[in-house]
Amino acid sequence: ANSSPSLSILSMSDKPQLYSYFRSSCSWRVRIALNLAGLEVEQVPIHLVRNGGEQHSQEYKKLNPLEQVPTLLIDGLLLTQSVAIMEYIHDTHPEANILPEDPKVKAKVRMITELICSGIQSIQNLSVMQKHSQDQVERMAWSKHWITVGFRALEKVLENTAGECCVGDKVTMADCCIVPQVYNAVRFSVDMSEFPIISRINENLSSRPEFKAAHPSQQPDCPEELK
């Protein structure tokens, strides 16, 4: 009943297809990585709230059994999970250098990526908030708490790794993850004055064209009032 008519429209496209939601931080980090690699995609919007959430439709579940975004159709592959997608983008477009060659530097990038994706974002994901409470105020408090806890750890880690970016001065996969998470933090009223390094990195990155183009306000499914 919740099937989105848009799902089948773009299936004949020659471009890779990204099933995405404008404000989804997991989709957003993939959009940044795609931009850094110079990869143009066709976006297929999946509205996470309308009609109970289009990600729960029978048609979409065939693509993503966990009923989440993003999903990327590329090179004959059907890929889910944003970190796996970003790793594939790196492997096929190493010139973008979102994962450094040096094993020690690469480990730092992966560490920060997982800290954000596994240790922070997943706890304040929409499905977790919905399970926690039906009350919007309670959901906001839950997300604010866990982002604050996670950012305190992240700030400490960045003390030892950061330059202009999360790891040194070059943009990596970790930077693709931090900008959407800061957006979530602001959205859930986290006091960002507690996190000067995170704030500085976010400001440095947000002015870059690849990051600007990936911002929710620039996406085809962003409501007019949020542009």
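Among the residues of segment 179-207, write down those that are surrounded by 17 or more Cβ atoms within 10 Å (Cβ to Cβ) and not in a helix (DSSP H, G or I).
F188, V190, F195
Residue check, F211 against (1) over 22 Å from S82 (Cβ atoms); (2) in contact (Cβ under 8 Å) with a residue 12 or more places away in the chain; (3) assigned to a helix (DSSP H, G or I), all met but one. Which one?
Unmet condition: (1).
Does G76 qualify as being modelled with pLDDT under 95, in contact with a helix residue (DSSP H, G or I) (Cβ under 9 Å, 6 or more places away or on another chain) and not aliphatic (A, V, I, L, M)? Steps first, answer last, please.
Working: modelled with pLDDT under 95: yes; in contact with a helix residue (DSSP H, G or I) (Cβ under 9 Å, 6 or more places away or on another chain): no; not aliphatic (A, V, I, L, M): yes.
No: the conditions fail for G76.
Can you name the residue in segment 166-188 that is of a type in the set (S, T, N, Q) and at pLDDT 95 or above and, of all such residues, is farthest from K144 (Cα to Cα)? Write out each step before concluding.
At the first step, the residues of segment 166-188 found to be of a type in the set (S, T, N, Q) are 172, 181, 184.
From what is left, the residues that are at pLDDT 95 or above are 172, 181.
Working: T172: 26, Q181: 12 Å.
Only one residue tops the list, namely T172.
The values are calculated or read from the model by the stated rules, or taken from the named source; none is laboratory data. Bear in mind the structure is a predicted one, so any value in this text is a computation, not a measurement. Positions of Cβ are backbone-derived with ideal geometry, glycine not excepted, and every protein chain shown enters the neighbour counts.
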